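Coordinate-derived values only; no laboratory data. As the structure is a computational prediction, the values presented were derived from the model and not from experiment. Cβ placement follows ideal geometry from the backbone for every residue including glycine, while neighbour counts extend to all protein chains displayed.
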Amino acid sequence: MKVAVTGATGTIGLAVVRALADRGDQVVALTRDPGAAARRLPAGAEAVCWSAPKEEPAPPEALSGCDAAIHLLGESVAQRCTDGARREIRDSRVLGTRMLVDGLRAADPRPGVLLGGSASGYYGARGDEEVDESSPPGDDFLARVVVEWEAEARRAAELGLRVAMARTGVVLSSSGGALEKMLPPFKLGVGGPVAGGRQYVPWVDLDDVAGAVLFCLDRPDASGPINVCAPEPVTNRRLAQELGAVLGRPAVLPVPAFPLRLLYGDMASIVTAGVRAVPRRLQELGYAFRRPELRASLRAATGGD
């Protein structure tokens, strides 16, 4: 299979590209900096310049002849909340996806599949309510972004592509995302639950993100929104306890919500307000999780496995 990938050098993108290469697929990475990307990508992956993803269509010549496209571009949401940050978080996803679909329209022959990145932030804060792909969206900033993001990806269906959207949860990896930021205080023994710790975390192992993406590429009946998270979401308190146990450190010092809201504004909801998302569609399709247990995933992510 020949697969075009955007966001190929990010935490998720690199894991996906390596999984594709490991099984013998040909990868075409669309990137702003082909030279830098080539140094990070596996041998044999081709890096093609897409210099302005929010402003110009993806290069159709790079997409032509590919069997599938995986779109993983998006500005990090784990940053201080400013008007500029909000705009970049939204535009990098919404406009970037629009420009990719415009590039797909001009490709000949076109890929048959678009696997679009998405997020469990679609559901907003839902407390203890269990949500799956049939649940309605939330109404906070991040939920509205995801709704727009997915709407742009769905436009590819008008071109005849099968479209699936991976609503990814909190990815456990020491090289990026929430866990990377959690590790320093926990290693020092000053980690603990955030904002009371009762909120649910829809965690997922990085290997399962890559595994689920490839699984959805291969399954002709995998379309629409698909929650990419572990079968058993846990509370923030449980996550803190398990991480402390894996690192051999105490995990009892609480982190209040107030300073996080002062620093991150709306973005603080990523950790202060949870969602109990479950991977209903993945399970219906028969995906076998590689690390469905939290402690095993944390051990792998921190080098203990």
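The table for this structure:
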{"read-out": "Under 5 Å, built H, 5+ apart or other chain: amide partners of Val131", "value": "Arg276, Ala277, Val278"}
{"read-out": "Estimated vicinal HN-Hα couplings, Hz - segment 101-114 in sequence order (Karplus 6.51, -1.76, 1.60; Gly, Pro = x)", "value": "5, 4, x, 5, 4, 8, 6, 8, x, 7, x, x, 9, 10"}
{"read-out": "For segment 78-161, with +1 on Lys and Arg beta carbons and -1 on Asp and Glu, the positive-most of Ser134, Ala153, Ser92 along the dipole", "value": "Ser92"}
{"read-out": "Inter-label distance for Ala157 and Arg198, nm, one decimal - labels placed 7 Å from Cα along Cα-to-Cβ", "value": "3.8"}
{"read-out": "Pairwise centroid distance, computed over Cα atoms, of segment 9-72 with segment 117-171, Å", "value": "23"}
{"read-out": "Cβ-derived FRET efficiency at R0 30 Å, Leu285 paired with Ala78, nearest 0.05", "value": "0.50"}
{"read-out": "Approximate spin-label separation Asp221-Ala36, in nm, with each point projected 7 Å along Cα-to-Cβ", "value": "4.3"}
{"read-out": "Full-stretch length increase - Glu130, Gln26 - with 0.36 nm per residue and alpha-carbon distance subtracted", "value": "33.6 nm"}
{"read-out": "Relative packing of 275-283, 130-138, 159-167, which averages over residues the other C-beta atoms within 10 Å, highest first", "value": "275-283, 159-167, 130-138"}
{"read-out": "Segment 71-81 - phi-based ³J(HN,Hα) in whole Hz, Karplus 6.51/-1.76/1.60, Gly and Pro as x", "value": "10, 10, 6, x, 4, 4, 8, 8, 8, 4, 7"}
{"read-out": "Orientation-averaged projected area, Cα convex hull of the chain (nm²)", "value": "14.6"}
{"read-out": "Relative contact order (percent, whole number), the chain, Cα cutoff 8 Å, 6+ residue spacing", "value": "18"}
{"read-out": "Electrostatic dipole magnitude of segment 123-221 [Cβ: Lys, Arg +1; Asp, Glu -1; Cα centre; debye, to 20]", "value": "340"}
{"read-out": "Cα radius of gyration and Dmax for segment 134-258 (Å)", "value": "17.4, 54"}
{"read-out": "FRET E, pair Val252, Glu88, Förster distance 51 Å, beta-carbon r, rounded to 0.05", "value": "0.90"}
{"read-out": "Crossing angle, helix 206-218 versus the chain [Cα axis fit, 0-90 degrees, rounded to tens]", "value": "30"}
{"read-out": "Acute angle (nearest 10 degrees) that the helix 236-247 long axis makes with the longest principal axis of the chain, alpha-carbon atoms", "value": "90"}
{"read-out": "Listed residues Phe289, Val228, Leu247: farthest to the positive end of the dipole of segment 151-305 (Cβ charges)", "value": "Leu247"}
{"read-out": "Sum of -39500 (n - 2.57) over DSSP H runs of 4+, divided by residues of the chain (222 nm, nearest 500)", "value": "-12000 deg cm²/dmol"}
{"read-out": "Amide proton proximity set for Ala119, modelled H, under 5 Å, gap of 5+", "value": "Thr168"}
{"read-out": "Kirkwood-type radius of segment 1-155, with distances r between different C-alpha atoms, in Å", "value": "16.2"}
{"read-out": "Cβ charges +1 (Lys, Arg) and -1 (Asp, Glu), total dipole of the chain, debye", "value": "740"}
{"read-out": "Residues whose placed amide H lies under 5 Å from that of Arg32, excluding near-sequence neighbours", "value": "Trp50"}
{"read-out": "Modelled label reach - Met1, point 7 Å along Cα→Cβ, segment 143-187 residues with backbone N closer than 14 Å", "value": "162-166"}
{"read-out": "Principal-axis tilt of helix 11-22 within the chain, Cα atoms, nearest 10 degrees", "value": "50"}
{"read-out": "Phi to ³J(HN,Hα) by Karplus 6.51 cos²θ - 1.76 cosθ + 1.60 over segment 157-174, Hz, x for Gly, Pro", "value": "5, 5, 8, x, 8, 7, 10, 10, 10, 8, 7, 7, x, 7, 7, 8, 8, 7"}
{"read-out": "For segment 185-224: Kirkwood Rh in Å [reciprocal of mean 1/r, alpha carbons]", "value": "13.4"}
